[in-house]
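Each value in this text was obtained by applying a stated rule to the coordinates, not by laboratory testing. What you are looking at is a predicted structure, and each value in this text was computed from that prediction instead of being measured. Every residue, glycine as well, gets a Cβ built from its backbone with ideal geometry; the counts of neighbours run over all protein chains shown.
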Amino acid sequence: MSRLEILKTYKIFIGGQFPRTESGRYYTPLDKKGQPLANMCLSSRKDFRNAVVAARKAFGSWSEKTAFNRGQILYRIAEMLEGRKTQFVEELVKQGSTEAKAKQEVELAIDRCVYYAGWCDKYQQVFSSVNPVASSHFNFSALEPMGVVGIIAPQTNGLIGLVSTILPVIAGGNTCIVLASENLPLCAITFAEVLATSDLTAGVVNILTGTEKELVEQFHSHMDVNAVIYAGGNKEHALAIETGADCNVKRVFVYANDFTKATDENPYYITDLQELKTTWHPIENVGGATSNY
Amino acid sequence: MSKHKHKKTEAFDFNGGWDYSPSPESTGHVKLKERYDLYIDGEFVAPNSGKYFQTTNPATEKVLAEVAHADESDVDKAVKAARKAYENVWSKLSAKERGKYIYRIARLMQEKARELAVVETLDAGKTIRESRDVDVPLACNHFFYYAGWADKLEYAFPNRNVSALGVTGQIIPWNFPLLMAAWKIAPALAAGNTVVLKPAETTPLTAMLLAEIIHESGLPAGVVNILTGYGDTGAAIVNHPDINKIAFTGSTNVGKIIQKAVAGTGKKLTLELGGKSANIIFEDAPIDQAVEGIVNGIFFNQGHVCCAGSRLFVQESVADEVIQKLKDRLDTLYVGDPLDKNTDIGAINSKEQLETIRKYIKIGKDEGASMYESSCELPKKGYFVRPTLFTDVAQSSRIAQEEIFGPVLTIQTFRTIDEVIQKANNSPYGLAAGVWTDKGSRIFNMTSKLRAGVIWANTYNKFDPTSPFGGYKESGFGREGGLQGLGAYLKIER
């Protein structure tokens, strides 16, 4: 007798948990042959709002973790991803990739996690400064995360696009709400399972599945989202986000690349989502002693 | 001119009621023209429309000069000149030579510093002490600082190729007219861009003096174009299709309009917008220093400062003492003739702004807050407001939430560190903050948790060309000053 396979229910990822969409709706992306891939959650704006609440709640503890600790957690993500390599390859193949290309994409994703894990405690030194002001003050500028970031992941390359947009954002101490590729969503939810087992603080990454068309407005109009990354490749949606971002002066970044190249990883993806804070303090200036001993 | 008269307070009774004699700065060496034209393509030209408007001295309400009102066609002409200068001259010049021009501008400004200071005070109403000691030197230093970057750009952004953007459109406010022009023009030129700049309609004169200095420096025609005008002139700059970058300093409302207008055009954008910055006094702070810091934080430049420390948070245990000292200090402030070297608080920049400030003072009273104002006499002519503070202010009060942009301070109290961090961060703005405490570890706790771009610890309202300035949240994005300020004017290759 052949054994009946257990099919996976793909749910969404909010606040470290895997709920179904509150809307109860689903959609069914198809594979290349027109066969259904799975019933995916068709996330609603309420799901988006819940995700923002979770992301905001997680921001304080995530951003205040030591940089070294964030690096360890990102490295842990790479470890978990490596362990599930076969599953990701299978899903990519199921979604239309060749075996070889799928393997390449997964390996690139793992290596990219390691790459950004390493940056967690290094970009600050590269991009911060002590400023030689012309008065008796000590003055320095250091980077701080922007806060809650909305990410619309690339429609192509369901795994590497997702990983390449999420990793620099959380490496820098931000939290995020991510909308996965509409037609290639399987890896996104499996990646959420990786995140859930990597000691990542709950709510740091929240992943929704659904349509850009329905959710794009939420990304730019939500008043508690500080910045939006749009990598979905739809010019109309990019424009909608840029146009709507004024409601709370959101920072908007439109990435046009597909993140498959080696040059698609660099610390400037981290600094995009950083604020620069400059601090002043007076230097005591009494007496005549100098340092000329 | 009437002598300053002050109420005698117990704390500041120096016996005998002595007062300073007036000590006005002479204006004899300053010769303003009757009319200022637009500076386009290296020439001073009349506006196409033939329209001019008057700029007045807010301290006397007297007309100083008339200036051109540039329209869309003038802006187009300026952008074409800037594009031509960029393509044919400025981008072909070696970086070293480019830097030398900027140094030359800095030097010429230093030579004319006194004239610039007096005109700034006449046109903006700010005290001569401030124009002379803060605005003008900082403006000169800004040019001097960025001049040196011109041939060192490859060191600024590690492992990236950088290049100029092209033509930049810049719109500046009326609170620091010359200084803001310097903040905009200096880094733009150092990065290799050409400039179309519009000063604010109430304070166009020092920008036109700067145009004359730039002309005198021999900077190639069209590299810097300065156009006076109103909001419509600014809109024409923002919407011009051949501009590569917009830099705006001004209100959050206008900033949002610009962000929307620029959406989808590919123009690079930096916004330096409003603020409602918290100034936090802990019980272990050196109280007398802190009181001076509060005064400087809110009354510097008549409170026309985007990073003004307009929300004071005092720890409950020292609240009575701090508020009493603050009230006493308020009564010693000299309000009046901005040209007088004794004056602490000059004129409100315009009638419109005066009305806005009065409106907010009324809102504060209507909301039930307790008002205290200095007992000083105000000059009969001109736009003046007494330094004012409100106690019994709720976190939700409009005067504690909205930017007033005048010498009006709201005071709230707090008990714990957590409480004050939450209250301070509970604002759509995030430009600056101040912390006063003698405890080092507390300073770093506070400075790392306050969500603002500039934090002053045991000091306030300090600026420097090497020190990046700019906000979080609705206070805008991008930084001005320092190495990081170059990023706003460069294409940084991915």
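Shielding of peptide B:468-480 by partners, expressed as the average count of other chain Cβ atoms within 10 Å per residue Cβ, is 4. Normalising by residue count, the range A:1-142 has a Cα convex hull of 193 Å³ per residue. Give the relative contact order (percent, whole number) for the range B:307-420; include only Cα pairs under 8 Å separated by 6+ residues. After rounding, I find 34 percent.
How big is the gap, in Å, between the Cα center of the range B:325-356 and the Cα center of the range A:52-88? Cα centres, the range B:325-356 to the range A:52-88: 53 Å.
Helix A:212-221 and the long axis of chain A differ in direction by around 20°, with both axes built from C-alpha atoms. Inter-chain neighbour count for A:281-290: the average number of beta-carbon atoms from partner chains within 10 Å of each residue's beta-carbon is 2.
Equivalent ellipsoid of the range B:24-171: semi-axes from √(5λ) of the C-alpha gyration tensor, largest first, are 32, 23, 12 Å.
Cross-link partners for B:Lys380 among the aspartates and glutamates, with Cα-Cα distance under 12 Å and sequence neighbours closer than 8 places in the same chain left out: B:Glu61, B:Asp337.
Shape analysis of the range B:278-464 yields a ratio of the Cα radius of gyration to the Kirkwood radius, Rg/Rh, of 0.95. Peptide packing for B:454-461, A:285-292 was compared via the average number of neighbouring C-beta atoms within 10 Å per residue; ordered from the highest value, the list is B:454-461, A:285-292. Between the C-alpha center of the range B:141-164 and that of the range B:214-268 there is a gap of 22 Å. Could you work out how far apart the two model spin labels at A:Val286 and A:Arg49 are, taking each label as a point 7 Å from the Cα in the direction of the beta carbon, and quote it in nm? Rounded to a tenth, the inter-label distance reads 5.7 nm.
Kindly express, to the nearest 10 degrees and within the range 0 to 90, the angle between helix B:205-217's C-alpha long axis and the longest C-alpha principal axis of chain B. Tilt relative to chain B: about 40 degrees.
Given a Förster radius of 60 Å and the C-beta distance between B:Ile417 and B:Lys96 as r, what FRET efficiency does 1/(1 + (r/R0)^6) yield to the nearest 0.05? With R0 = 60 Å, the Cβ-Cβ based efficiency is 0.75.
Neighbour counts of other C-beta atoms within 10 Å: give me B:Leu122, A:Leu30, B:Leu333 arranged from fewest to most.
Working: B:Leu122 29, A:Leu30 12, B:Leu333 18.
Fewest-to-most Cβ neighbours within 10 Å comes out as A:Leu30, B:Leu333, B:Leu122.
Report the residues of the range A:255-293 in range of a label on B:Glu292: point 7 Å along Cα→C-beta, backbone N strictly under 17 Å from it. Of the residues in the range A:255-293, A:281-287 have backbone N under 17 Å from the label point off B:Glu292.
From the mean inverse distance of alpha carbon pairs (Kirkwood) and the Cα radius of gyration, derive Rg over Rh for the protein assembly as shown.
1.01
Measuring between alpha carbons in the structure, the pairs from A:Lys277/B:Lys473; B:Lys184/B:Lys491; B:Lys260/B:Lys423; B:Lys92/B:Lys268 lying more than 20 angstrom apart are B:Lys260/B:Lys423; B:Lys92/B:Lys268.
Where in chain A lies the longest segment free of trypsin sites (Lys or Arg not before Pro) that are both loop residues by DSSP (not H, G, I, E, B) and have at most 11 other Cβ atoms within 10 Å?
No qualifying site falls inside A:34-260, the longest such stretch.
Along its three principal directions, the equivalent ellipsoid of chain B from the Cα gyration tensor extends over semi-axes of 38, 27, 20 Å, largest first.
Across the range B:91-128, the residues whose backbone nitrogen lies under 20 Å from the label position 7 Å along the beta-carbon direction of B:Glu154 are B:91-100. Counting only aspartates and glutamates at least 8 places from B:Lys33 when in the same chain, those with an alpha carbon closer than 14 Å to its own are B:Glu66, B:Glu115, B:Asp123, B:Glu212. Compared with the direct C-alpha span, the chain from B:Lys351 to B:Glu216 gains 45.2 nm at full extension, assuming 0.36 nm per residue. Take the alpha carbon atoms of the range B:413-484, find their center, do the same for the range B:363-401, and report the distance between the two centers in whole angstrom. One Cα centre to the other: 24 Å. Given 20 °C and 1.002 mPa s, how large is the Stokes-Einstein diffusion coefficient of chain A in µm²/s, with Rh as the Kirkwood radius over Cα pairs? Stokes-Einstein gives a translational diffusion coefficient of 107 µm²/s. Seen against the Cα atoms of chain B and their longest principal axis, helix B:252-262 is set at about 20 degrees.
Using Cα positions and a limit of under 26 Å, work out the lysines in reach of A:Lys103, with same-chain residues fewer than 8 apart set aside. The reachable lysines, counting only those whose Cα sits under 26 Å from A:Lys103, are A:Lys8, A:Lys11, A:Lys32, A:Lys33, A:Lys85, A:Lys94, A:Lys261.
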